[in-house]
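The values are calculated or read from the model by the stated rules, or taken from the named source; none is laboratory data. Computed from a predicted model, the values in this text were never measured in an experiment. Heads up, the Cβs are rebuilt from the backbone with ideal geometry, glycines too, and the neighbour counts pull from every protein chain shown. To get the accessible areas, we keep the full protein, side chains included, count just its heavy atoms, and leave off ligands, DNA and RNA. Shrake-Rupley method; radii C 1.70, N 1.55, O 1.52, S 1.80 Å.
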Amino acid sequence: MFVGSASTFAGQNILYYQSQPGDFIGQGRELTLTGADGTFSAPYPYPYFAYLRFDGFGGAHSLSLTLITSDYSSLQPGAYENAVRSGYQTTGHPGLDFGGDGRSCYSLTGRFDVLEIVRDANGLVTQFAANFEQHCYDAVPALFGQIRFNSDVPVSKLARLTLENPLNARGCVEASNPNGAVVSMNANSNTDAAGGRSLLYSWSSTTGDTGTDSTFSFNAPLTTNPASPAVVTLSITDLTDNTSSTARKSVCVSDTTAPVIVIFSPTPGQVVQGDDLILDVSIQDAVDKNITQYEVLVGSDFLSPIDPNTGRAQQQILQAPQVNGGVTVTITVRAIDVFGNSGQKSVTFTQTP
């Protein structure tokens, strides 16, 4: 890490990012821009922040990065955690904002590392290097970026990791048990410098799980707050040239599956005489094992108890009809789990006096 003043420029100008699928800014792309593609600039002298721009030749790209300290102290090399959108930073929450090409985040979370910052006598940034991670609109998909401005600090291409689990409507892995879900990832898309597989893998997660194969599975807990997911880190060493690369991926687990309701009795089209009917239902939920009541609609709406240990309930719910001939009756059973997912099942039968 370097900090100081300089009057001569050196190094390279590079902007590199890798965007995960679902990230709003990068749209899941990987992009590298250099001085051959456009102009890099750092036009402002304020000591508490750095503003870097890239303007592509012919208007191909227009991107900018803003990094601000949380308390408006001088921006120095180091790690800056719990970042929010620049302009909204507070104590303990530095400012970050990367965007352009017609896209910006009105709210975000993230972090960044300032690796090098050199200013001239007027306070203008003349050399700069930083890596950053941004989650637009607090979403799980991330954009991982690196910028070098007249800097000799090398850019490290990120390792690639693939989440094998499908995502639900909330952008999370679907919970499969009360404790969360088994999450599986792989690093199969990575190759060494020669195009082969001479690689060493090192996996770790914030759950404490580790691994050394090209695939990795761990038990991820239910995430009550999607903004606080489990984080997996993959480090790969290329044995052909002894270089290393790293990738991180955030994974949340949520329950969006409604309870499964089965009506054993009555059966569709069954003919029931008088009030001789026992409603026999089963209500099962993969995550919520404490459903203790359900709702029955049959002319009126009432709640009924259910045994959470078995998920079964039996009760008499009909009165004898007061008219001659058959009466068509529909019973609807509804249950809601602790996460608000609602399941419903109906059956229609005939009731005679």
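The residue that is nearest to ALA142 (Cα to Cα), counting only those in the stretch 229-258 that are modelled with pLDDT of 90 or more and part of a loop (DSSP other than H, G, I, E, B), is CYS252.
In the list ASP71, ASP97, ASP55, which residue meets the criterion of being part of a strand (DSSP E or B), surrounded by fewer than 18 Cβ atoms within 10 Å (Cβ to Cβ) and either at pLDDT 90 or above or acidic (Asp, Glu) (or both)? Can you show your working first?
On the way: ASP71 fails: part of a strand (DSSP E or B); ASP97 fails: surrounded by fewer than 18 Cβ atoms within 10 Å (Cβ to Cβ).
The conditions single out ASP55.
Take ASP152 and decide whether it is among the charged types (D, E, K, R), open to solvent by 70 Å² or more (accessible area, probe 1.4 Å) and under 26 Å from VAL114 (Cα atoms). So ASP152 fits the description; yes. The residues on offer are PHE128, PHE49, PHE144, and the sole one that is open to solvent by less than 20 Å² (accessible area, probe 1.4 Å), in contact (Cβ under 8 Å) with a residue 12 or more places away in the chain and not small (Gly, Ala, Ser) is PHE128. Every test in (1) farther than 30 Å from LEU163 by Cβ; (2) not in a strand (DSSP E or B) is passed by ILE261 save one, and that test is (2).
Look at (1) acidic (Asp, Glu); (2) open to solvent by less than 30 Å² (accessible area, probe 1.4 Å); (3) farther than 26 Å from ASP113 by Cβ and you find that GLU133 fails only one, number (3). Counting only residues that are polar (S, T, N, Q) and within 17 Å of LEU143 (Cβ to Cβ), the stretch 83-103 holds 1 of them.
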